[in-house]
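Here is the structure we will look at.
The values are calculated or read from the model by the stated rules, or taken from the named source; none is laboratory data. Worth saying up front: this structure is predicted, and the values here are computed from it rather than measured. Positions of Cβ are backbone-derived with ideal geometry, glycine not excepted, and every protein chain shown enters the neighbour counts.
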Amino acid sequence: MKRDLKHINRYLDQVLSSTTFAKSPVNRELLKYLVACSLKGENPKEFQIAADVFGKSYERDKEVNVRVYIHNLRKKLKAYYEHEGKDDELVFVLPKGHYTVDFQFSTIKSFRRQVHRHAPLLLGLSLLLLLASLLLVFIFPKKRVDIPFWNQFLSNGYSTTLLLGDHYFYRGPIPSGQKGSIRDSKINSDLEFDSYLKAHPELIGQMEKTNLTYINNQAPLGLFYLMQVFGGGLYELEMDYSSRSKIDDFRNRNLIFVGSFKTLHEFKSTTQKLGLKYDVESSLLSYDLADTTLQFDNRSTPYLNYEYAAVAHFMLPDERRVLFFLCDNDIGNMATLKYFTDKQLMNPIMQELKALESFNFKAIFEVKGEERTDFDIKLERLDALPKNLGEIWP
């Protein structure tokens with residue numbers, strides 16, 4: 001009961017100090033009184049309310065006034081929970097015909113509150129990961145690891161951009177009553193943000209876009225592996241974030257994308273045209289073939305992480321290269337990047353690509369890892385891409 005009482009008092013103070021109740025001293029006193037009675041298990045009569053709250057002796061005609069005050073209090077509470085208190089994890093309810101207060105806890109809102117509370121930590125971690133990435137770039141030796149697959153990236157005359165997939169944040173109301181940074185796995189771009197507001201117009205003015213994003217562990221580790229190929233030369237490999245990049249930015253550049261399916265932003269349409277589609281809610285990766293669609297289920301157990309990660313690569317008629325490393329959890333890209341930057345591991349897949357008679361391909365790898373450390377990777381599918389790549393990429 002101590003924990004409940006602490007929560008009740010905290011949220012009662014929050015309601016009483018709100019803008020909705022700011023100019024309603026009668027409603028504030030009435031709510032405080034009814035909450036106190038309810039906590040003591042009392043069900044006050046109308047004459048008691050009139051005497052205790054308004055300091056009036058019991059008179060028959062005053063009962064009507066008490067009912068009016070209670071009715072107005074219900075309206076005030078309704079207005080508060082529609083706006084300022086819509087994210088409160090505890091709601092004060094005055095059932096009709098009763099003068100006791102029901103205390104309704106919302107476990108869902110409580111969970112959301114914990115997520116909002118840790119948003120600054122996620123953003124801080126993102127900054128540390130970025131600093132680690134830059135440190136790796138500057139200190140890694142300049143000598144390249146010679147792997148045939150990467151030669152065209154290094155010698156086709158185009159600059160290469162490494163695009164790190166960063167997670168989308170927006171600003172909105174948090175339980176403290178202020179605005180804070182919010183991460184929703186269903187909102188992963190400005191376009192999805194706009195679509196969400198269009199479907200929920202009542203939230204216009206409460207939610208707004210922000211430039212804040214964060215990257216996962218796969219970003220600095222992926223950069224570490226790629227530096228073995230590119231030799232740490234910043235003049236050959238530039239870096240940017242997917243949230244601030246557009247497809248048109250790469251009309252005269254090579255592209256290497258490393259990130260989650262949830263961080264594709266504008267590049268989502270490209271991977272879908274390649275036949276790689278990911279459903280965030282069901283964690284299903286759909287892999288389109290000419291006559292069928294395969295589905296790969298990303299799942300977890302308490303000790304092992306299972307991840308189906310995707311890789312897609314194609315060369316355009318002007319010899320520009322585009323390469324996607326895609327996953328849901330970090331271990332997928334950690335494993336595939338290690339695989340593709342290891343000369344010995346790449347030999348078998350190079351033989352399969354020769355047999356495929358195309359270096360324009362998409363592939364699915366099954367990765368098994370523990371605590372985000374890959375220890376087993378298996379090629380599940382390797383298929384040639386269609387020849388109409390000009391319709392897929394500018």
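Given the residues Leu276, Leu255, Leu289, Leu284, which is the only one that is touching a Ser or Thr at 6+ places or on another chain (Cβ under 9 Å), more than 20 Å from Phe224 (Cα to Cα), in the same structural domain as Val367 (by TED's automatic domain parsing) and modelled with pLDDT of 90 or more? Residue meeting the stated conditions: Leu276. Kindly indicate whether any position in segment 294-309 is closer than 18 Å to Lys362 by Cα, touching a strand residue (DSSP E or B) at 6+ places or on another chain (Cβ under 9 Å) and without any contact (Cβ under 8 Å) to a residue 24 or more places away in the chain. Yes; the residues of segment 294-309 include at least one that is closer than 18 Å to Lys362 by Cα, touching a strand residue (DSSP E or B) at 6+ places or on another chain (Cβ under 9 Å) and without any contact (Cβ under 8 Å) to a residue 24 or more places away in the chain. Output the residues belonging to segment 150-169 that are surrounded by fewer than 19 Cβ atoms within 10 Å (Cβ to Cβ), modelled with pLDDT of 85 or more and outside any loop (DSSP other than H, G, I, E, B). Within segment 150-169, just Thr161 meets the criteria. Scan segment 306-317 residue by residue and report those that are within 18 Å of Glu391 (Cβ to Cβ) and modelled with pLDDT under 90. Hit for segment 306-317 is Pro317, nothing else.
Between Leu337, Leu323, Leu382, Leu316, which is farther than 28 Å from Lys246 by Cβ, surrounded by 14 or more Cβ atoms within 10 Å (Cβ to Cβ) and of a type in the set (A, V, I, L, M, F, W, C)?
Values: Leu337 fails: farther than 28 Å from Lys246 by Cβ; Leu323 fails: farther than 28 Å from Lys246 by Cβ; Leu316 fails: farther than 28 Å from Lys246 by Cβ.
After ruling out the rest, the residue left standing is Leu382.
Pairs meeting the criteria (first residue in segment 4-30 and outside the structural domain of Asp88 (by TED's automatic domain parsing), second residue loosely packed, with under 13 Cβ neighbours inside 10 Å and not hydrophobic (A, V, I, L, M, F, W, C), beta carbons under 7 Å, at least 6 apart or on different chains) are lacking.
Taking Leu294 as the residue in question, decide whether it is over 14 Å from Lys186 (Cα atoms), of a type in the set (A, V, I, L, M, F, W, C) and modelled with pLDDT of 95 or more. Yes, satisfied.
If the requirement is being assigned by TED's automatic domain parsing to the domain that holds Asn156 and either modelled with pLDDT of 80 or more or in a helix (DSSP H, G or I) (or both), which of these qualifies: Leu223, Leu197, Leu191, Leu234? Steps first, answer last, please.
Details: Leu197 fails: assigned by TED's automatic domain parsing to the domain that holds Asn156; Leu191 fails: assigned by TED's automatic domain parsing to the domain that holds Asn156; Leu234 fails: either modelled with pLDDT of 80 or more or in a helix (DSSP H, G or I) (or both).
Of the residues listed, the single one that is assigned by TED's automatic domain parsing to the domain that holds Asn156 and either modelled with pLDDT of 80 or more or in a helix (DSSP H, G or I) (or both) is Leu223.
Among residues of segment 178-200 that are under 20 Å from Asp279 (Cα atoms), those with a beta-carbon under 9 Å from a residue that is among the hydroxyl-bearing types (Ser, Thr, Tyr) and surrounded by fewer than 18 Cβ atoms within 10 Å (Cβ to Cβ) at least six positions away or on a different chain give the pairs Asp184/Tyr196; Lys186/Tyr196; Ile187/Ser195; Ile187/Tyr196. Of the residues screened, Ala22 is not one that is in a helix (DSSP H, G or I), of a type in the set (Gly, Ala, Ser) and either buried (at least 17 other Cβ atoms within 10 Å of the Cβ) or on the phi < 0 side of the Ramachandran plot (or both). Cβ separations smaller than 8 Å between residues 6+ apart or across chains give the following pairs from segment 236-260 residues that are surrounded by fewer than 21 Cβ atoms within 10 Å (Cβ to Cβ) to residues that are of a type in the set (Gly, Ala, Ser) and outside any loop (DSSP other than H, G, I, E, B): Met239/Ser133.
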